[in-house]
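Below: the structure, in structure tokens.
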Amino acid sequence: MDAPALQTRGLRKAYGAREALRGVDLEVGPGELVGLLGPNGAGKSTLVKIACGLVRPSSGEAHVAGSVAGSGPARAALGYLAETFSFPAWMTADEVLVLHQRLTGSNGGAAERERLLAAVELSSAAAIRVQAMSKGMQQRLGIAQAMVGEPRMLLLDEPTSALDPMGRRVVRRLLETLRDQGVSVLLNSHLLSEVELVCDRVAILREGALVAGGAPSELIQPRGLEVELASGVRRFPDTTRDAVPGIVAQLVADGEQVFGVRMLASTLEDVYLEAMGGQAEPT
């Protein structure tokens, strides 16, 4: 059985008196997409830096593809896109990937570069310099460089933040393809609708602790029924799906005209805000 792509156990990190992480247990399985959510200061960046080997934990452990985070095998299994990144402005897209092939020791050559640019729909931009690219094109190039060397685990920090709806769809399709290929992704994003669409599970951090987690479908709770009538909208809280036919039949028998029926449910944003104790802005 393959080792988890990322696994932390009792992970703690203190900066002086401040605890950035307080005993975090997190696992990302092979081919799993996990959304990492939490406000500024929740510990997301510290967790990612530990996984990359840039920061050492105060206690606990972190492994990437079965190897200690920061070791040579762990680094080789990892691809990373930082939220704030910058490529040399004078380089072309192809040259950026050549540079990262050298840095990672990838021997994929031109075939790998062509494949990665095609995956992020930048095939026609191979010879375009970074300084001439839109922010969205640079963002997609950043995702391509994270995939150099065919890593088993991708850490993507706000990968769709600069993209328009079409660009976000490209990234969604790419993430789904990677999942089918067995590549794992830890996705940090403030776009909860995107996380809800693509992630298998979410993990919510608050003040260094994991306060909620699970599949979006498990976290989201039903919130009753809404029926659009000629006389207005009526809501039936705490109503299950099985009760809908009977409610509609009774309304019709009472002489009401029914124009629409909608089951209500909480959203991932609702779940997030509840976990945050009502804090308004996911970041």
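The values are calculated or read from the model by the stated rules, or taken from the named source; none is laboratory data. All values derive from a computational prediction rather than experimental measurement. Note that we place each Cβ from the backbone using ideal geometry, even for glycine, and neighbour counts take in every protein chain shown.
In the range 171-192, what residues are modelled with pLDDT under 85, surrounded by 20 or more Cβ atoms within 10 Å (Cβ to Cβ) and under 20 Å from SER217 (Cα atoms)?
Those that are modelled with pLDDT under 85, surrounded by 20 or more Cβ atoms within 10 Å (Cβ to Cβ) and under 20 Å from SER217 (Cα atoms): SER189, LEU192.
Answer yes or no: is there a residue in the range 175-184 that is of a type in the set (Lys, Arg), closer than 15 Å to GLY136 by Cβ and in contact with a Leu (Cβ under 7 Å, 6 or more places away or on another chain).
For the range 175-184, residues of a type in the set (Lys, Arg), closer than 15 Å to GLY136 by Cβ and in contact with a Leu (Cβ under 7 Å, 6 or more places away or on another chain): absent.
Identify the single condition in (1) surrounded by 15 or more Cβ atoms within 10 Å (Cβ to Cβ); (2) touching an Asp or Glu at 6+ places or on another chain (Cβ under 9 Å); (3) aliphatic (A, V, I, L, M) that VAL244 does not satisfy, given that it satisfies every other one.
Single failed check for VAL244: (2).
Assess whether VAL130 counts as being farther than 27 Å from GLU32 by Cβ and buried (at least 16 other Cβ atoms within 10 Å of the Cβ).
yes
Among the residues of the range 168-184, which ones are touching a Gly at 6+ places or on another chain (Cβ under 9 Å) and not in a loop (DSSP other than H, G, I, E, B)?
LEU178, ARG179, ASP180, SER184 - these are the residues of the range 168-184 that are touching a Gly at 6+ places or on another chain (Cβ under 9 Å) and not in a loop (DSSP other than H, G, I, E, B).
Just one of (1) assigned by TED's automatic domain parsing to the domain that holds GLY208; (2) modelled with pLDDT under 95 trips up MET1, so point out which.
It fails just one condition, (1).
Could you check GLY208 against (1) in contact with a strand residue (DSSP E or B) (Cβ under 7 Å, 6 or more places away or on another chain); (2) surrounded by 15 or more Cβ atoms within 10 Å (Cβ to Cβ); (3) at pLDDT below 90 and say which number it fails?
Condition (3) is where GLY208 drops out.
(1) among the aliphatic types (A, V, I, L, M); (2) within 30 Å of GLY41 (Cα to Cα); (3) at pLDDT 90 or above; (4) outside the structural domain of GLY29 (by TED's automatic domain parsing): which one isn't true of ALA249, the others all being true?
Evaluating ALA249 over (1) among the aliphatic types (A, V, I, L, M); (2) within 30 Å of GLY41 (Cα to Cα); (3) at pLDDT 90 or above; (4) outside the structural domain of GLY29 (by TED's automatic domain parsing) leaves (2) as the failure.
Could you run through the range 134-167 and say how many residues are closer than 21 Å to GLU112 by Cβ and in a helix (DSSP H, G or I)?
The number of residues fulfilling the criteria is 10.
Need pairs with beta-carbon distance below 8 Å; first residue on the phi > 0 side of the Ramachandran plot and within the range 3-14, second of a type in the set (S, T, N, Q) and surrounded by fewer than 24 Cβ atoms within 10 Å (Cβ to Cβ); sequence gap 6+ or separate chains.
Pairs found: GLY10/SER59.
Going residue by residue through the range 70-87, is there one that turns out to be in a loop (DSSP other than H, G, I, E, B) and more than 30 Å from ARG12 (Cβ to Cβ)?
Within the range 70-87, one or more residues are in a loop (DSSP other than H, G, I, E, B) and more than 30 Å from ARG12 (Cβ to Cβ).
Answer yes if at least one residue in the range 112-126 is more than 24 Å from SER45 (Cα to Cα), assigned to a loop (DSSP other than H, G, I, E, B) and among the small types (Gly, Ala, Ser), and no otherwise.
Yes, because at least one residue in the range 112-126 is more than 24 Å from SER45 (Cα to Cα), assigned to a loop (DSSP other than H, G, I, E, B) and among the small types (Gly, Ala, Ser).
Go through the range 1-46 and report how many residues are under 14 Å from the mean Cα position of the chain (by Cα) and assigned to a helix (DSSP H, G or I).
Qualifying residue count, the range 1-46: 2.
Hey, among the residues in the range 225-241 that are within 30 Å of LEU37 (Cβ to Cβ) and acidic (Asp, Glu), which one's surrounded by the most Cβ atoms within 10 Å (Cβ to Cβ)?
Only one residue fits best here, namely GLU226.
Do we have any residue at all in the range 42-49 that's in contact with a helix residue (DSSP H, G or I) (Cβ under 9 Å, 6 or more places away or on another chain) and of a type in the set (S, T, N, Q)?
no
May I ask you to list the residues in the range 48-106 that are of a type in the set (Gly, Ala, Ser) and either more than 23 Å from the chain's Cα centre (by Cα) or not assigned by TED's automatic domain parsing to the domain that holds VAL120 (or both)?
Matches in the range 48-106: SER58, SER59, GLY60, SER71, GLY72, ALA89, ALA93, GLY105, SER106.
For the range 247-273, name all the residues that are exposed (fewer than 10 other Cβ atoms within 10 Å of the Cβ) and more than 36 Å from the chain's Cα centre (by Cα).
ALA253, ASP254, GLY255
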